[in-house]
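Student: Can you keep this structure in mind? I'll have questions shortly.
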Amino acid sequence: MAGAALAAVGGVALAVQGRVNGQLGHLMNDGVFAALISFGIGTVLLVAAVSVTPSARAGLIRLRSSVRGGRLRPWQCLGGACGAFLVTSQGFTVSILGVAVFTVAVVAGQVVASLAVDRAGLGPGAAEPITPPRALGALLAVVAVIIAVSDHAAIGEAGGLWWALLPAIAGLGLAWQTAVNGLVRVESDNVVVPTLVNFSVGTGALILAALVDLAIRGLPHAPPGVWWYYVGGPLGIVAILTAVSAVKLTGVLLLGLSSVAGQLIGAVLLDLVVPTAGGGLSTTGLIGTAITMVAVGVAAIRR
């Protein structure tokens, strides 16, 4: 279960990143530009790390050779675009769906796609059949997230549910992103290289999204001067590093469930230590987190 624990640590980092990026987006009145800042800072840090690390530079050379030799397809290096799509869909749909329903849609798409991705063997590990424990674990995870966010679930109009298709598709993309990032990690034989590739691709996609956003909405508010609003990039690096390290050990489904568990644990800790206005620790959040831990255990059962 070492891989699951590592993925859960990444999930905690994602929870904190979500809080930080959410606050930055609120202050700038533009979630897309906030995400671009986060991805951009992460990319700069990773470029600096690779430039001074001989093993990472060698990993980049191995990755280029793998792509040129056909062992890795160019499109398998585009996992970061899925993260960019997730953030963009968040900016378009959260105001319609609410954060709770958005989260449920993403998790539902992610766990369903994870079953299919593992079954097809698209990741670096061996193909995993869809066994009853794995299917039950995926179902429990969705139920757990629904319970965890039930205190905050609200939709203005029933017709707004159609917008849930966007975050659900983003969830599907997250499963594929995890799989291909794992392949890049195997071919480069380095954990920093797939993280750099992920951030670079995501930054490029977000630049395009920001240009569209700029044309539609105009300039965002000026970014704040407080340093901690900009730690989203480093937290994202932690999340990707743990994912690419763990996916070969866990498979895509178990990694996704462990990450969701970590995110809920992180959310509970944040609500306990630094609750938002109108937020705070809730019974449903604790119950949802507990059920997610059970879901991880069930999904980890081997035939």
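Student: Provide Ile216, Ile146, Ile130, Ile237 in ascending order of the number of other Cβ atoms located within 10 Å of each residue's Cβ, fewest first.
Tutor: Details: Ile216 7, Ile146 19, Ile130 13, Ile237 23.
Starting with the residue having the fewest Cβ neighbours, the order is Ile216, Ile130, Ile146, Ile237.
Student: State the extension gain, in nm to one decimal, for the chain segment bounded by Phe92 and Ala290, taking 0.36 nm per residue of separation less the distance between their alpha-carbons. Could you put the intermediate results ahead of the total?
Tutor: Numbers: separation 198, 0.36 × 198 = 71.28 nm, distance 3.08 nm.
Between Phe92 and Ala290, full extension yields 68.2 nm more.
Student: Need the C-alpha centroid separation for the range 55-121 versus the range 226-278, integer Å.
Tutor: Measuring centre to centre over Cα atoms gives 16 Å.
Student: Follow-up question, since we're still on this one. Starting from the Cα gyration tensor of the range 23-137, take the square roots of the eigenvalues, sort them a ≥ b ≥ c, and report rounded, prolate or oblate (rounded when a/c is under 1.5, otherwise prolate if a/b is larger than b/c, else oblate).
Tutor: Values: a/c = 2.67, a/b = 1.09, b/c = 2.45.
It is oblate, given that a/c is not under 1.5 and a/b is not larger than b/c.
Student: Taking the Cα centre of the chain as origin, sum charge times position over the Cβ atoms of Lys and Arg (+1) and Asp and Glu (-1), and report the length of that vector in debye to the nearest 20.
Tutor: Values: 14 positive and 9 negative charges, 202 e Å.
For the chain, the charge dipole is close to 960 debye.
Student: From the residues Pro129, Ile41, Ala168, which one has its Cα farthest along the dipole of the chain in the positive direction, the dipole being from +1 and -1 charges on Cβ of Lys/Arg and Asp/Glu about the Cα centre?
Tutor: It is Pro129.
Student: Oh, and also: Quick check: pseudo-label points 7 Å beyond the Cα along Cα→Cβ at Val44 and Ala2, how many nm apart are they?
Tutor: 3.6 nm
Student: Using only helices, what value at 222 nm comes out for the chain when you add -39,500 (n - 2.57) per DSSP H run of length 4 or more and divide by the total residues, to the nearest 500 deg cm²/dmol? Could the numbers behind the result be given before it?
Tutor: Details: 10 runs with 230 residues, N = 303.
Calculated mean residue ellipticity at 222 nm is -26500 deg cm²/dmol.
Student: Under the rule a/c < 1.5 gives rounded, and otherwise a/b versus b/c splits prolate from oblate, where does the chain land using the Cα gyration tensor?
Tutor: Oblate, since a/c reaches 1.5 and b/c is not below a/b.
Student: Can you list, largest first and rounded to whole Å, the semi-axes you get for the range 232-291 by taking the square root of 5 times each eigenvalue of its Cα gyration tensor? Numbers along the way, then the final one.
Tutor: Values: eigenvalues 127, 49, 7 Å².
After scaling each eigenvalue by five and taking roots: 25, 16, 6 Å.
Student: Looking at the calculated P(r) for the range 1-63, what percent of the C-alpha pair distances fall above 13 Å? Intermediate values should be presented prior to the final figure.
Tutor: Values: 1406 of 1953 pairs.
Within the range 1-63, distances greater than 13 Å cover 72 percent of Cα pairs.
Student: Quickly rank 164-170, 52-58 as a protection proxy: mean count of other C-beta atoms within 10 Å, highest first. Don't jump to the answer; show the numbers that get you there.
Tutor: Details: 164-170: 20.9, 52-58: 13.0.
Ranking, from highest mean packing down: 164-170, 52-58.
Student: Hey, what did the range 2-299 get for relative contact order, percent, Cα under 8 Å, at least 6 apart? Can you show the working numbers first?
Tutor: Values: 531 pairs, mean separation 118.2, N = 298.
Normalised by residue count, the contact order of the range 2-299 is 40 percent.
Student: Same structure, new question: Report the Cα centroid-to-centroid distance between the range 1-52 and the range 180-205 in angstrom, as an integer.
Tutor: Taking the Cα centre of the range 180-205 as reference, the centre of the range 1-52 is 15 Å away.
Student: Which of the helices in the chain, when you take each full DSSP H run, stretch at least 27 Å along the axis at their Cα atoms and have an average Kyte-Doolittle score of -0.5 or higher? Kindly include the intermediate steps, with their values, before the conclusion.
Tutor: Details: long enough: 2-28 (39 Å, 0.96); 31-51 (30 Å, 2.21); 99-120 (31 Å, 1.71); 165-188 (34 Å, 0.96); 192-217 (35 Å, 1.65); 232-273 (34 Å, 1.78).
Counting only whole DSSP H runs, the qualifying helices are 2-28, 31-51, 99-120, 165-188, 192-217, 232-273.
Student: Next up: Highest mean first, how do 59-67, 75-83 rank when packing is the count of other Cβ atoms within 10 Å averaged over residues?
Tutor: Working: 59-67: 16.9, 75-83: 21.2.
Order by mean packing, descending: 75-83, 59-67.
Student: Among Ala5, Gly69, Gly251, which residue has its Cα furthest toward the positive end of the charge dipole of the range 2-299, with +1 on Lys/Arg Cβ and -1 on Asp/Glu Cβ?
Tutor: Gly69
Student: Another question about this same structure. With the cut-off at 1.5 for a/c, could you classify the range 73-138 from its C-alpha gyration tensor as rounded, prolate or oblate? Provide the component values of the computation, followed by the final result.
Tutor: On the way: a/c = 4.82, a/b = 1.36, b/c = 3.53.
Judged from the Cα gyration tensor, the range 73-138 comes out oblate (a/c at least 1.5, b/c at or above a/b).
Taken together, the values in this text are just the output of simple stated rules run on the coordinates, not laboratory data. Here the structure is a predicted model, which is why all the values come from computation and not from measurement. Note that each Cβ is placed from the backbone with ideal geometry, even for glycine, and that neighbours are counted across all protein chains shown.
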